[in-house]
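To keep things clear, I will list the structure first and then write my remarks on it.
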Amino acid sequence: MLCGCAAAASNFYNFKPMTSFPAWYFDESGMAGVDFEDAKQVEVYDRNQSISSPEKERVLVDRLGITERHTVIDLGAGTGNFAIQAALAGASVHAVDISQPMLTYARSKAKGVGAIDLKFHQAGFLSYQHQGELADFVVTKNALHILPDFWKMIAFQRMIDMLKPNGTLYLRDVIFSFPPATYESAIDEWIQEVAKPEGQGWTTKDFEAHILEEHSTFSWIIEEMLIRAGFEIIEANYIAATYAEYLCIKAS
Ligand SMILES: C[S@@+](CC[C@H](N)C(=O)[O-])C[C@H]1O[C@@H](n2cnc3c(N)ncnc32)[C@H](O)[C@@H]1O
């Protein structure tokens, strides 16, 4: 593997940190879609998002069974709702995001609610070098679509290496389960259903930009990638034709 980070059977990550990337490696700093390097956009994001809230993320933490015995990595942690709730449940949490303004915002939220065992890392799916105890859980929500499919596969491969044997991956994202032939109506219907008027949340323009500039893909592509990376899919929930979540175990 590129980063030389194959995990040993032990519970510790034993790679040599990768100090440089090949010239052809994906540049995660050139982000597609919303510019989360802009602190204003970060505030708007936190205000607009309806999918993630402290209450909803606490439900997910409990559903996954995260406790003080666990190490959790949240990739693309954003403004930190999930990472903070996992830390409040007592877990040792690594919140990873490529955007420093996102991490700054998340850190201040964590401080405000007394979430202590939470480490912030400015890094991406393809560059985060996990150190120390392997994770019991890797969680990534609403972020993986930022990568083209080839690089999603590499990201899954890297997630496998961050997990303990039998560790859990929870993935939630804009993922398409509609029949490909219906793509036009499926995307139009999705946008009509979820877009809000200007000033009240994500607009039609925002969702159009998602399709134009980001890399959401079909569920069957994601599923094949998960399996090829070495995950067993325990649960696949197609929340809507444009939205899915997966609970996977690192297959032994
Ligand atoms: C839509 S937000 C989702 C945040 C959070 N997971 C949630 O559910 O609310 C996407 C996040 O992914 C981050 N991001 C974008 N590209 C990334 C990359 N290559 N690696 C890690 N995080 C990335 C963005 O900075 C942003 O915080």
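The values are calculated or read from the model by the stated rules, or taken from the named source; none is laboratory data. Owing to the predicted nature of the structure, the values given are computational and were not obtained by experimental measurement. Every residue, glycine as well, gets a Cβ built from its backbone with ideal geometry; the counts of neighbours run over all protein chains shown.
Residues of the stretch 159-173 being under 21 Å from PHE82 (Cα atoms) and either of a type outside the set (Lys, Arg) or surrounded by 23 or more Cβ atoms within 10 Å (Cβ to Cβ) (or both), which ones?
MET159, ILE160, MET162, LEU163, GLY167, THR168, LEU169, TYR170, LEU171, ASP173 - these are the residues of the stretch 159-173 that are under 21 Å from PHE82 (Cα atoms) and either of a type outside the set (Lys, Arg) or surrounded by 23 or more Cβ atoms within 10 Å (Cβ to Cβ) (or both).
Looking only at the stretch 62-103, count how many residues are within 15 Å of the ligand (Cβ to nearest atom), among the β-branched types (Val, Ile, Thr) and farther than 15 Å from HIS130 by Cβ.
3
Could you list all residues from the stretch 25-42 that are exposed (fewer than 14 other Cβ atoms within 10 Å of the Cβ) and either modelled with pLDDT of 80 or more or near the ligand (Cβ under 8 Å from one of its atoms) (or both)?
Within the stretch 25-42, ASP27, SER29 qualify.
State all residues of the stretch 108-126 that are within 13 Å of the ligand (Cβ to nearest atom) and among the basic types (Lys, Arg); if no residue qualifies, say none.
LYS109
Which residues, counting only those in the stretch 144-156, are within 9 Å of the ligand (Cβ to nearest atom), assigned to a helix (DSSP H, G or I) and in contact with a helix residue (DSSP H, G or I) (Cβ under 8 Å, 6 or more places away or on another chain)?
Result: LEU144, HIS145, ALA155.
I'm told ARG47 meets every condition in (1) more than 10 Å from the ligand (Cβ to nearest atom); (2) more than 26 Å from ILE160 (Cβ to Cβ); (3) touching a residue at least 12 places away in the same chain (Cβ under 8 Å) except one. Can you identify the failing condition by its number?
(3)
Search the stretch 107-155 for residues being closer than 20 Å to ALA87 by Cα and among the basic types (Lys, Arg), and hand back the single one that is nearest to the chain's Cα centre (by Cα).
LYS141
Just to verify a result, which residue in the stretch 127-143, among those that are at negative phi and surrounded by fewer than 20 Cβ atoms within 10 Å (Cβ to Cβ), is nearest to the ligand (Cβ to nearest atom)?
Among them, the one singled out is SER127.
Here are the criteria: (1) aliphatic (A, V, I, L, M); (2) assigned to a helix (DSSP H, G or I); (3) over 13 Å from the mean Cα position of the chain (by Cα). Tell me which single one MET159 does not satisfy.
Against the list (1) aliphatic (A, V, I, L, M); (2) assigned to a helix (DSSP H, G or I); (3) over 13 Å from the mean Cα position of the chain (by Cα), MET159 comes up short only on (3).
With respect to PHE178, is the statement that it is in contact (Cβ under 8 Å) with a residue 12 or more places away in the chain, of a type outside the set (Ser, Thr, Tyr) and crowded, with 20+ Cβ neighbours inside 10 Å true?
Judged against the criteria, PHE178 is not a match.
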